[in-house]
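Structure first, then comments.
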Amino acid sequence: MEEFKIDSKKYLELLKERSKKSRVYKPYQMTGLMLAEILNDPSHKSLYMRLAKSFDAQKLLILAKGLADRTNIQNKGAYFMRMLQELKKKKN
């Protein structure tokens, strides 16, 4: 029974190391991470993942890349959300 004893400190260190690594399982998760990187807004990556889950990923990425090229926008994440709202209004 003693041979199966696990050192709890080593196990906690292992869990901490594993939590630092990013794991992407679905395509919308990767799209969300790409949006966060393009817009330089890593604190809202879960929001972008939810958006990518419900919208066309290609359209979101095109919109984000178009905004990323503009230098006069201070908060690209907020501007992206505003442009997305405008697109939704036009669609309806």
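The numbers here are math on the coordinates, done by the rules we state, and not lab data. Bear in mind the structure is a predicted one, so any value in this text is a computation, not a measurement. Quick reminder, even Gly has a Cβ in these numbers, built from the backbone with ideal geometry, and neighbours come from all protein chains shown.
Structure above, values below:
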item	result
Most fluctuating residue given options Leu63, Leu15, Leu33, as computed from a GNM of the chain linking Cα atoms under 10 Å	Leu15
Cβ-based net charge around Glu13, under 15 Å, with every Lys or Arg adding one and every Asp or Glu removing one	+4
Candidate values (1) 1.56; (2) 1.18; (3) 1.06, label of the one derived for Cα Rg over 2.2 N^0.38 Å	(1)
Residue with peak Gaussian network fluctuation, the chain [Cα springs, cutoff 10 Å], from Ala64, Ala36, Ala78	Ala78
Filtered trypsin sites (Lys or Arg not before Pro), the chain: DSSP coil and at most 10 other beta carbons within 10 Å	Lys5, Lys21, Arg23, Arg70
Straight-distance crosslink candidates among lysines, where the alpha carbon sits under 21 Å from Lys45 and sequence neighbours closer than 8 are dropped	Lys16, Lys20, Lys21, Lys26, Lys53, Lys59, Lys65, Lys76, Lys88
Relative contact order computed over the range 24-91 (Cα-Cα under 8 Å; 6+ residues apart), in percent	30
For the range 12-23, 3J(HN,Hα) per residue [Karplus equation, 6.51 cos²θ - 1.76 cosθ + 1.60, θ = phi - 60°, Hz, x = Gly/Pro]	5, 5, 4, 5, 5, 5, 5, 6, 6, 7, 7, 10
In Hz, Karplus ³J(HN,Hα) per residue of the range 55-63 (6.51, -1.76, 1.60; θ = phi - 60°; x = Gly, Pro)	10, 5, 4, 5, 5, 5, 5, 5, 4
Cut-off 15 Å between beta-carbons: net charge of the residues surrounding Ser46, Lys and Arg +1, Asp and Glu -1	+3
Qualifying chymotrypsin sites (Phe, Trp or Tyr not before Pro) in the chain, DSSP loop, other Cβ atoms within 10 Å at most 10	Tyr25
Full-stretch length increase - Lys20, Ser43 - with 0.36 nm per residue and alpha-carbon distance subtracted	6.7 nm
